[in-house]
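Data first, discussion second: the structure below is written as structure tokens.
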Amino acid sequence: MRNDSARGEAYCSYCGFVSSEKMIETGPEWRSFSSDEKDDKSRTGLPTSLAIHDMGLATIIGGENRDAAGRSLSGSMKSSIERMRTWDRRSQVRESTDRNLRQAFGELSRLSEKLAVSEAVTERAAYIYRKALEMSLVRGRSITMILAASLYAACRDREVPRTLKDLAAASNVKKKDIARSYRLLIKEMDLKMPVVDPARCVTRIASRAKVAEKTQRRALQILLKAGKERISAGKDPMGLSASAIYVACTLEGENITQRDIAEAAGVTEVTIRNRYKGLRLALGI
């Protein structure tokens, strides 16, 4: 059997019998017409994304003042095209909802880059914010505040170790305001958040405090035992991880103070001392 890609048919090379027709072409959509397009292997445009106010579905008039043949446009045509670009931009944000989403997702892109979160977390945050906007939870509240709460909820949902303090520092919104908005989202949208595993916070704290790899492994072992003994329930993951690292430092003989670990974890020294005593008593260390 042979395939005729031009006709979309599969036929016998001996008798010419067509076994199937209207076959789907699975190759790339691009074709090279000139040397300039030879290296352009893109199949389509940008993928759709919830983190774009129009989800990436709107058409955009490009900024290059050239025609299809690559020739420069005349002066009168340039002014006409520029006017068309202006109306194209205006048509994309003609409603208040579109303007809200455009402003919010511009801020979301900045926060995501500043906090170094993955694209999956950003998409989840955009989904939560869109739902909050549909439920009129943004009305009468700051866009940045609700957006920061949505991003924090997305981090909790994807089990990414980012604290309220991190969100507050990145968004210039008070920690208590983000916490209040987060509780509002949880209550009104009925979100179910997983319990944060303290072991996910160990690497982050250890890298900031410049703790040795051997000490990190010891801290993970301590947290594993604490989980089996059920003494980690209800404890702040950051505080518990910081305390486990401090216990591991004392056992491995690494000279790092409580203050250094507390600053790396964003908790107080009192929290580390309290969790440190609890871990040593419960695990018999």
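Run down the aspartates and glutamates and flag those whose C-alpha is under 15 Å from the C-alpha of Lys225, throwing out any fewer than 8 positions away in its chain.
Within the straight-line cut-off, Lys225 pairs with Asp197.
With the convex hull built on the Cα atoms of region 198-283, state its orientation-averaged projected area in nm².
4.5 nm²
For region 72-181, restrict the atom set to alpha-carbon positions and state the Rg and Dmax in Å.
Expressed in Å, the Cα Rg and Dmax of region 72-181 come to 17.5, 57.
Which value in deg cm²/dmol, rounded to the nearest 500, describes the helix-derived mean residue ellipticity at 222 nm for the chain, given -39,500 (n - 2.57) per DSSP H run of n ≥ 4 and division by the residue count?
-17500 deg cm²/dmol
Please list, or write none, the aspartates and glutamates whose alpha carbon is within less than 19 Å of the alpha carbon of Lys187, excluding same-chain residues fewer than 8 places away.
Counting by Cα, and skipping residues close in sequence, Lys187 has these aspartates and glutamates nearby: Glu134, Asp157, Asp177.
Return the loop-located trypsin sites (Lys or Arg not before Pro) in region 166-236 (DSSP other than H, G, I, E, B) with at most 14 other Cβ atoms within 10 Å of their own Cβ; answer none if there are none.
Lys174, Lys192, Lys210, Arg230
Can you tell me the FRET efficiency between Leu251 and Ser109 if r is taken as the Cβ-Cβ distance and R0 is 41 Å, rounded to the nearest 0.05?
For R0 = 41 Å, the calculated efficiency reads 0.40.
So what does log10 I(q)/I(0) come out to for region 104-236 at q = 0.09, 0.18, 0.20 Å⁻¹, using the Debye formula with one equal point on every Cα and no solvent?
Evaluating at q = 0.09, 0.18, 0.20 Å⁻¹ gives log10 I(q)/I(0) of -0.30, -0.99, -1.13.
Which pairs in the list Lys165/Lys228; Lys165/Lys235; Lys175/Lys210; Lys176/Lys235 are over 21 Å apart, alpha-carbon to alpha-carbon?
Numbers: Lys165/Lys228 29 Å; Lys165/Lys235 17 Å; Lys175/Lys210 27 Å; Lys176/Lys235 19 Å.
Check vs 21 Å cut-off fails for Lys165/Lys228; Lys175/Lys210.
Calculate the spin-label point distance for Lys131 paired with Lys22, positioning each point 7 Å from the Cα along the beta-carbon direction, and give it in nanometres.
4.1 nm
Given that compact globular proteins tend to follow 2.2 N^0.38 Å, what is the ratio of the alpha-carbon Rg of the chain to that value?
The reported ratio for this selection is 1.48.
Residues of region 223-260 with the amide nitrogen closer than 14 Å to a label point 7 Å from the Cα of Arg217, along Cα-to-Cβ, please.
Inside the label zone: 252.
Computed from the coordinates by the stated procedures, all read-outs in this text should not be read as laboratory data. For clarity, every value in this text was computed on a predicted model and none was experimentally measured. Here the Cβ is made from the backbone with ideal geometry for all residues, glycine too, and neighbour counts use every protein chain on show.
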